[in-house]
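Structure, as structure tokens:
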Amino acid sequence: MRGLSAEFFSLLSQSLLKWEKKVLEVHESSLVWFNPDGMQANRDFYYLGVICGMALYNHHYINIGFPLALFKKLLQQSPTLNDLEELSPVEARTLKSLLEEDEDEVVDTFSFDFTVKGKKLIPNGDQIRVTKANRNMWICMSTSFSTSQ
């Protein structure tokens, strides 16, 4: 009746979230995303993919709450700001408030450039400041970057 294999994948999914290497992390929204600090070992991600693939192949449910942004990335679609809001509501609200701001001075006050977490979004991104004119491009790029990490 496949009860033993169902129990196996259920217990395995619970232990993946408590894995000492912390390849996955649970966000405040109770959704799961990849831990950027745990990305040193590609082997761990390979095995995580194998486990998820085995569960799908054997028609079993694996209880890991991935957000919609992951499935969009698998389908080679770009995640949106709403997808980021599902995963990280505080970060998305900050970006939305920056997007809705009408005053040039307020946008300039943040002193953002085209880097996120020390990585350049575009060549020479650390030298290009976010302005009212280019903030839409910056938000799209930083949203994609945040969901790719």
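Each reported figure results from applying straightforward, stated rules to the coordinates on display, with no laboratory input. For clarity, every value in this text was computed on a predicted model and none was experimentally measured. Note that we place each Cβ from the backbone using ideal geometry, even for glycine, and neighbour counts take in every protein chain shown.
Summing charges over all other residues whose Cβ lies under 11 Å from the Cβ of P89, with Lys and Arg as +1 and Asp and Glu as -1, gives -2. Computed from label points 7 Å out along Cα-Cβ, the spacing between E101 and I51 is 4.1 nm. Each residue, R43 and Y61, gets one label point 7 Å from its Cα in the Cβ direction; the gap between the two is 3.4 nm. Modelled label positions at T115 and V26, each set 7 Å beyond Cα in the direction of Cβ, lie 3.4 nm from each other. Here the chain is scanned for GluC sites (Glu not before Pro) in DSSP loops (not H, G, I, E, B) that have at most 11 other Cβ atoms within 10 Å, and the longest stretch holding none of them is 29-102. In order along segment 120-135, the Karplus-derived 3J(HN,Hα) couplings, from 6.51 cos²θ - 1.76 cosθ + 1.60 at θ = phi - 60°, round to 6, 7, 9, x, 6, x, 6, 9, 9, 7, 7, 10, 4, 6, 10, 5 Hz, and Gly and Pro are given as x.
Exposed loop positions in the chain were taken to be trypsin sites (Lys or Arg not before Pro) whose DSSP state is not H, G, I, E or B and which have at most 14 other beta-carbon atoms within 10 angstrom. Between these positions, the longest stretch is 23-116.
Take the Cβ atoms of I122 and T94, set R0 to 25 Å, and the FRET efficiency comes out at 0.75. List, in the order given, every pair from K73/K119; K72/K132; K96/K119 whose Cα-Cα distance in the structure shown is over 26 Å. Where the Cα-Cα span goes over 26 Å, the pairs concerned are K72/K132. Its residue count N fixes a reference of 2.2 N^0.38 Å for the chain, and the Cα radius of gyration divided by that reference is 1.26.
Highest GNM mean-square fluctuation among V32, V90, V50, for the chain modelled with Cα contacts below 10 Å: V50.
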